[in-house]
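Below is one structure, written out as structure tokens, with a few remarks after it.
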Amino acid sequence: MRISVENLTKRFEPLAVVNEVNLAIEEGELFTLLGPSGCGKTTLLRLVAGFYAADGGEIRFDDRVVNAVPPHERGIGMVFQNHALWPHMTVAENVSYGLKLRKISSSRITARFQEVLENVKLGGLGDRYPAQLSGGQQQRVALARARRASGARTFQLAAISPKSRAISASASIQSSSSEPGAKPRRSAMK
């Protein structure tokens, strides 16, 4: 799936936090937004995911304009800075939670669960709780959950603050097989 934004604008009065942004992300491409804190990276991700409504411009998935499509129908999973894992749930429960909400059968969840954990290099850790995982493992649990809940395809997007070099937010739409040889690309934001 190709994701593009054309003249995308979001205002939090009196500021235009995202101001007429244009970009295109091809299927299988790893794309990074790079800019200082407060420049609109996370706001752009929230617009693409449907958590904010744009004040102007268009968001397209392939040729379809999705501005009015609600988040749960966009097929986008978003992973926030704090990973938003439920501490009282195991890795298995955290990853399968969104599927249960979508009323996917238990047998189907179980069949796909191990594949998802293997893809994010967490095989055999399904019975652990978030506090028993490293920060990187917790992030991969959040990515696996976003991927499964969204029925995701191939695409990764990250917003990175250059001063801290920390991931601010990332949206992930991945297919069940990663695209080998995907070329990373960056877009600087002011």
Within segment 94-137, the residues that are of a type in the set (D, E, K, R) and under 25 Å from Arg46 (Cα atoms) are Lys100, Arg102
Of those in segment 126-137 that are open to solvent by less than 50 Å² (accessible area, probe 1.4 Å) and within 16 Å of Tyr97 (Cα to Cα), the residue nearest to the chain's Cα centre (by Cα) is Pro130
Among (1) over 16 Å from the mean Cα position of the chain (by Cα); (2) touching a residue at least 60 places away in the same chain (Cβ under 8 Å), Gly75 falls short only on (1)
For strands (runs of 3 or more DSSP E) lying entirely in segment 1-62, having 2 or more residues that are under 14 Å from the mean Cα position of the chain (by Cα) and either closer than 18 Å to Glu73 by Cβ or of a type outside the set (S, T, N, Q) (or both) picks out 30-34
In segment 94-119, residues that are within 22 Å of Pro71 (Cβ to Cβ) and within 19 Å of the chain's Cα centre (by Cα) total 9
So, first residue within 24 Å of Glu73 (Cβ to Cβ) and free of Cβ contacts under 8 Å to residues at least 60 places away in the same chain in segment 102-114, second residue in a helix (DSSP H, G or I) and open to solvent by less than 90 Å² (accessible area, probe 1.4 Å), Cβ within less than 6 Å, six or more apart or across chains; the pairs are Ile109/Ser96; Ile109/Leu99
Right, Val48: among the aliphatic types (A, V, I, L, M), modelled with pLDDT of 90 or more and open to solvent by less than 60 Å² (accessible area, probe 1.4 Å) or not? yes
Of Gly75, Gly35, the only residue that is under 30 Å from Leu125 (Cβ atoms) and surrounded by 15 or more Cβ atoms within 10 Å (Cβ to Cβ) is Gly75
Might you let me know whether segment 63-72 holds any residue that is surrounded by fewer than 19 Cβ atoms within 10 Å (Cβ to Cβ), of a type in the set (A, V, I, L, M, F, W, C), in a loop (DSSP other than H, G, I, E, B) and modelled with pLDDT under 90?
no
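The values are calculated or read from the model by the stated rules, or taken from the named source; none is laboratory data. All values derive from a computational prediction rather than experimental measurement. Using ideal geometry, Cβ is built from the backbone for each residue, glycine included, and neighbour counts are taken over all protein chains shown. The area values use the complete protein model at the heavy-atom level, side chains included, leaving out ligands, DNA and RNA. Shrake-Rupley method; radii C 1.70, N 1.55, O 1.52, S 1.80 Å.
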